Every structure is written in C-alpha cells, then in structure tokens.
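J.: The structure under discussion is supplied below as structure tokens; questions concerning it will follow.
Just so you know, all these numbers are worked out from the coordinates, no wet-lab data involved. For clarity, every value in this text was computed on a predicted model and none was experimentally measured. Virtual Cβ from ideal backbone geometry, glycine too; neighbours counted across all protein chains shown.
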Amino acid sequence: MSLIIAANWKMYKTVSETKDYLDKFTGNTFNKTQVVVCPPFTALSAASEVLCGTQTALGAQNMNWHTEGAYTGEVSPLMLKDLGVRYVIIGHSERRHKMNETNADINQKVLAAVEYSFTPILCVGETGDEREAGRTKEVVLEQLREGLKDVAADKLKNLVVAYEPVWAIGTGLAASAQDAVEVAQLIREELKPFIDSGNTKFRLQYGGSVNKDNIGEYVSAPEINGALVGGASLQADSFAALIRAAEEAVNDEGD
Ligand code: PGA
C-alpha cells in the first residue's frame, strides 16, 4: 500500500450513524491505500464489528498512557487493544490547543502506543501566528523532538506523522502543496535515524482542509504518503471519492 489515508471523525457520529457509514464504505475496494477510520470512543466497538475482516483499519482519536487506574473519563491502551484498534491519533491540534495537551503528555502517549504496538499518528503543525512569525520550522521540530523523546528506533515498528498546520484545519484554507512539501522534507530529515534504522516503517500525511479536489496535489509529491482528513471524511461516498482521487494521482505519477 503506497498511501495511508485516515478519517478523523472528531466528535461526530452516533453508533447507528457509524454503522450506516461503514456498511456503505466497506463496499469499496482500494488497491493502493491503507484506510484508517477513527470514530469517537463511543462508536469504536460498533465500528470494530463492522470492520472485522475488512481492509479498513480502526483508529482511536486519543488515548491515555496509563494501563488502568483512577483517571475518570479516560480510555487506556488496554481498552483500545481489546477493541481491535491499530492506530491512535496523538497530539491532534484540537487536543493541544483546546484541551491544553503538552508535548510531554504527547510523549507519554507515544511511548504507550509503542509499548502496546499501536501505530501512532503523531500530529504536528504550527499556528497561523507561528507561521507569520517565521517559527514553523522551530515549532514542528520541537513537537517532533519532544513527542518522540526516549522512543527507540528498534522498538518503533510503525510511525505516521501528520503535518497539520493549525490554520488549515477546518478552515478551507489548505496549505499549498509546496508549503506542505517543504515541511515534509524537514520532518523526514529530522526523523532520518528512524527511517534509516530499517526497523521503522515511516509514513507522512498532510492534513488540513483536504478534499477530493486537492488530495492529488499532496500525494503526488514523493515526500507525502497520504492524508489525515476531517470534514471531508464524514460522508462515506465522498470519502471514498477522495481516496479514489488520491489513487489516481499516484497512478498518474507512474507509481
Ligand atoms: P479538516 O480536519 O480536514 O476538517 O481540515 C483535519 C484534521 O483535523 O485532522
């Protein structure tokens, strides 16, 4: 699979909406894409039943790093493992900025993901103010370094990093492919020790107002292997169309 495209449903969809969506969506076959669907916690169990035995993988949108304990309202790696979850979104900007998650929290979550053999989808990205102040590189590198602190390449089998400029999320103002590639190159350079270790399968996604009309621009760049999609993943038919558009763009590139 040359592409990895993940649906981040955020705080949308009840159990019955989840089942309806996935019943429809699993009728599609994709040849080049690992699709990951990340419903809210309350719908994970239902999603797991529908997705069992299909090619679509299940992801969670967050995870506490403790195995169990007195953490009211939190969900542990053990609980997610039990549901067949394989991917976990960690450090999404809405959690960083609306729930005050720190790089240190995110690092604990990444370490727990490694311990429980989930593939972390580690989200990084600068705010609009940080970009305007010329701090994009500094912010992204700090998020990567602190998020992956003490993570050993020989333990990390799979890593997805989603570059999601905060100003592009849910705004309709997607980053230009050129800007996305520039940061993707920076991320790849920083993660060279993992990539070159031969042990970590690394993939990079762009996220932020991705839709079926712009996805091709990102995935036709060799530095970008897919997308983390919010709004445009909420309807089964249009999400499937977005994935097809990505596969066509990769085809066009002779991949
Ligand atoms: P968006 O969200 O596609 O709606 O911009 C992306 C995300 O938050 O991951």
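J.: Report, by residue number, each residue of the stretch 8-27 that is of a type outside the set (Lys, Arg), over 15 Å from residue 62 (Cβ atoms) and surrounded by 17 or more Cβ atoms within 10 Å (Cβ to Cβ).
T.: 18, 21, 22, 25, 26
J.: Could you please find all residues in the stretch 89-105 being within 16 Å of the ligand (Cβ to nearest atom) and surrounded by fewer than 18 Cβ atoms within 10 Å (Cβ to Cβ)?
T.: 97, 98, 99
J.: Next question, about the same structure. Please specify each residue of the stretch 156-200 satisfying the condition of being more than 16 Å from the ligand (Cβ to nearest atom), over 14 Å from residue 223 (Cα atoms) and of a type outside the set (Phe, Trp, Tyr).
T.: 156, 157, 158, 159, 193, 196, 197, 198, 199, 200
J.: How many of the residues making up the stretch 205-228 are more than 19 Å from residue 31 (Cα to Cα) and within 16 Å of the ligand (Cβ to nearest atom)?
T.: Here the count works out to 9.
J.: Against the condition touching a Pro at 6+ places or on another chain (Cβ under 7 Å), assigned to a loop (DSSP other than H, G, I, E, B) and of a type in the set (Ser, Thr, Tyr), how does residue 18 come out, does it pass?
T.: Judged against the criteria, residue 18 is not a match.
J.: Can you list the helices (runs of 4 or more DSSP H) found entirely within the stretch 137-245 that contain at least 1 residues being closer than 17 Å to residue 127 by Cα and touching a residue at least 24 places away in the same chain (Cβ under 8 Å)?
T.: Because the criterion is at least 1 residues that are closer than 17 Å to residue 127 by Cα and touching a residue at least 24 places away in the same chain (Cβ under 8 Å), the helices (runs of 4 or more DSSP H) in the stretch 137-245 that meet it are 177-190.
J.: Okay, next question. Just give me the residues in the stretch 132-155 being within 16 Å of the ligand (Cβ to nearest atom) and either aliphatic (A, V, I, L, M) or over 22 Å from residue 200 (Cα atoms) (or both), in sequence order.
T.: 140, the sole residue that qualifies.
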